[in-house]
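Below: one structure, written as structure tokens.
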Amino acid sequence: MLSTHNLPSVPAPDRRRLRAFAFDPMSSRLSGRFLTLDIPFETGLKAGPDGELVQVVDYDATRRCWYQPVDLDDPPVLAQDGLRPSESDPRSHQQIAYAVTMSVIERFQRFTGRRFRWRGDDRLRLVPHAFFGRNAYFDPERRAVLFGYYRAGETDTEANLPGQMLFTCLSVDIIAHEVTHAIVHRMRPLFTIATNPDVFAFHEAFADLVALFHHFLFRDIVEEFVAASRSELADAAALLSLADEFGRSTGRGGPLRSAVGSEPVPAEFRETREPHTRGAIFVAAVFDAYLATYKAQIADLRRLATGGSGVLGDGELSPDLVRRIAGEAVRNADRVLGMVVRGFDYLPPVDVTFGDVVRAVVTADRDLFPDDAINLRGHLVEALRRRGIFPPGVVSSPTRRCCGGDRRGRSA
Ligand SMILES: [Zn+2]
């Protein structure tokens, strides 16, 4: 007879897998593609979800009603990587908002090498159906991210049904962007005071960078883009742009913002004041550096695959080559975003400028990678300079120190 004594108890899992749209309902509708987010497993997670760092509060102030909260520990939900993403089920909206937020926080923790906590016992509240309107924003007073929902315009026939209800809380990009605002606010609360044009622009740039590089967490999706673009990731527009559905449904005719495509014009940075547009110049420079290092890192693979010429022939790339190139794309994304995030510790508490940011990023990176074998710092400083962003005292050479110059590091 089998004894049930002395058997070790089965430990709780380390990870929880949850499904989401890739990267919003419109894109999933067009591509048939979904994401599975892999996040830490919180034991004792209550319905909401209501966890240690994040609480989803699904009250709809416009309709004055509560939606039934999802219980992610419910066995049928647990057993199939969460609910299937659905625009008509508010519980899947709660699941997606929670999953993306936890994923962003975890990435932040990994780059900074320490546990992330809100102030005291605070948690970040996510309100997936906060109001009727074409917007989503982080509210520092309420320590909450408020997501709006709205109807697609009657003329929006591009990829949405005219008059269809659209939810900002279903866009992985919008969630990642807004949650990053909350994280930046936790670490630098005085960046809510615009003492110079770079302060808000930095908030926006940083939130966009985290959201864009979040795409690279999904290896199979990166492989698809590598194959489709024949390794020319600069052409992989959907991988390098944000909030396609939101952008199209709000009359932009394309994604909300894109990390690639514009030629560097230094004067643009001097003249641009609107925070999103000014921040987008910084983001574009970071992606210039990303693409330059990516290209250098896959050059050997391309040579190996082409008998030395590096010029890919016609036809599809071999799956092995796609896999190896996507591996480099993902690794490089991690390296570049990690570099920018780690610079945070070196930023001043108030009145930040992009000059300060460049100096902080370069200084933090030099501590960790003194030799900078792939010349990422050099590429970044050069890409920023070409777009008109540079602090006095920082030079492209990886061997020179970057202290000195005007302490305030005005960059424009
Ligand atoms: Zn923003």
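All of the numbers you see were taken from the coordinates with simple rules; none came from a lab. What you see is a predicted model; the values in this text were computed from it and never measured. Methodologically, a virtual Cβ is constructed for each residue, glycine included, from the backbone with ideal geometry; neighbour enumeration extends over all protein chains shown.
Here are the numbers for the structure shown:
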| read-out | value |
| --- | --- |
| Ellipsoid semi-axes in whole angstrom, largest first, where each is sqrt(5λ) of the Cα gyration tensor of segment 15-187 | 25, 19, 16 |
| Residue with peak Gaussian network fluctuation, the chain [Cα springs, cutoff 10 Å], from Arg323, Arg303, Arg387 | Arg303 |
| Convex hull volume of segment 198-386 per residue (C-alpha atoms, cubic angstrom) | 128 |
| Computed label-point distance, nm, for sites Val10 and Arg134 using a 7 Å Cα→Cβ extension | 4.9 |
| Contour excess over end-to-end distance, with Cα ends at Leu368 and Arg219 and 0.36 nm allotted per residue | 51.1 nm |
| Formal net charge of residues neighbouring Val210 (Cβ-Cβ distance under 14 Å; K, R +1; D, E -1) | -1 |
| Cβ-based net charge around Val145, under 14 Å, with every Lys or Arg adding one and every Asp or Glu removing one | -1 |
| FRET efficiency, 1/(1 + (r/R0)^6) with R0 25 Å, evaluated for Ser31 and Ser318 via beta carbons | 0.65 |
| Helix-only CD estimate at 222 nm, as mean residue ellipticity for the chain, using -39500 (n - 2.57) per DSSP H run (n ≥ 4) | -13500 deg cm²/dmol |
| Translational diffusion coefficient (Stokes-Einstein; Kirkwood radius from C-alpha pairs) of segment 196-256 at 20 °C, 1.002 mPa s, in µm²/s | 166 |
| Computed label-point distance, nm, for sites Arg273 and Val350 using a 7 Å Cα→Cβ extension | 2.3 |
| Normalised convex hull volume, the chain, alpha-carbon set, Å³ per residue | 190 |
| Fluctuation leader among Asp314, Asp244, Asp50 - the chain, Gaussian network, Cα springs under 10 angstrom | Asp314 |
| Span-rule helices in the chain, defined as complete DSSP H runs reaching 27 Å or more along the axis (Cα) with Kyte mean at least 1.0 | none |
| Top of Ile374, Ile96, Ile281 by mean-square fluctuation, Gaussian network on the chain, Cα under 10 Å | Ile374 |
| Note, ³J(HN,Hα) from phi for segment 124-131, Karplus 6.51, -1.76, 1.60, rounded to Hz, x at Gly and Pro | 8, 8, 10, 10, x, 10, 6, 6 |
